[in-house]
1. Please go through segment 93-112 and give me each residue that is farther than 17 Å from Leu27 by Cβ and either among the β-branched types (Val, Ile, Thr) or modelled with pLDDT under 95 (or both), ordered by number.
2. Can you tell me how many residues within segment 17-70 are charged (D, E, K, R) and assigned to a helix (DSSP H, G or I)?
3. Hey, among the residues in segment 40-54 that are crowded, with 22+ Cβ neighbours inside 10 Å and at pLDDT 90 or above, which one's nearest to Val97 (Cα to Cα)?
4. Checking Phe64 against (1) among the aromatic types (Phe, Trp, Tyr); (2) more than 19 Å from Tyr112 (Cβ to Cβ); (3) buried (at least 19 other Cβ atoms within 10 Å of the Cβ): exactly one of these is not met. Which one?
5. When only residues in segment 93-121 that are β-branched (Val, Ile, Thr) and closer than 20 Å to Glu52 by Cα count, which is surrounded by the most Cβ atoms within 10 Å (Cβ to Cβ)?
6. Restricting attention to segment 82-92, which residues are exposed (fewer than 11 other Cβ atoms within 10 Å of the Cβ) and either at pLDDT 90 or above or under 25 Å from the mean Cα position of the chain (by Cα) (or both)?
Amino acid sequence: MATESTETVDATAEGDTVEGDTTLAALSHASALFASFLGPILFLILADDGDELVEQNAKNSLNFQIIVFVALMIAGALSFVFVGLLLFPIIAVADLVLVLVGTVKANDGKVYSYPFTPDIV
């Protein structure tokens with residue numbers, strides 16, 4: 001019995017393949033490019049009960065979009081001293097690249113956690 005709980009914990013670790021709908025998991029990341037918060041929230045709601053792959057990827061995507069929103073608000077405040085104007089394109093490129101990486105990893109059946117992103121949701 002102890003090995004069963006260990007296997008469950010190991011299956012949800014980052015980088016391990018998890019059973020679930022890989023298409024919905026990938027779309028939970030990709031939808032953030034078009035609908036920042038609403039995309040991951042929609043896929044979190046649409047996920048079947050027990051579909052750990054979609055739920056974890058949608059939560060990670062939503063957490064990252066919250067961090068991007070906070071970074072954009074800070075850049076907006078700093079734009080009064082022209083530092084924020086340099087931060088806007090950096091944040092946009094980082095968002096694009098990391099969302100695409102998350103989409104590819106989720107399509108491979110892996111739970112992708114964004115770097116430097118805390119678990120908010």
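1. Hits for segment 93-112 are Val93, Val97.
2. 3
3. Pro40
4. Here Phe64 meets the rest and fails (2).
5. In this case the residue turns out to be Val111.
6. Passing the criteria: only Pro89.
Yes or no, residue by residue, for (1) among the charged types (D, E, K, R); (2) touching a residue at least 40 places away in the same chain (Cβ under 8 Å); (3) part of a loop (DSSP other than H, G, I, E, B); (4) over 14 Å from Ala32 (Cβ atoms):
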| site | (1), (2), (3), (4) |
| --- | --- |
| Phe80 | no, no, no, yes |
| Leu86 | no, no, no, yes |
| Pro89 | no, no, no, yes |
| Ala92 | no, no, no, no |
| Leu98 | no, no, no, no |
| Val101 | no, no, no, no |
| Ala106 | no, yes, no, no |
| Ser113 | no, yes, yes, yes |
| Val121 | no, yes, yes, no |
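The values are calculated or read from the model by the stated rules, or taken from the named source; none is laboratory data. Computed from a predicted structure; not experimentally measured. Cβ coordinates were reconstructed from backbone atoms using ideal geometry, including for glycine residues, and neighbour counts include every protein chain displayed.
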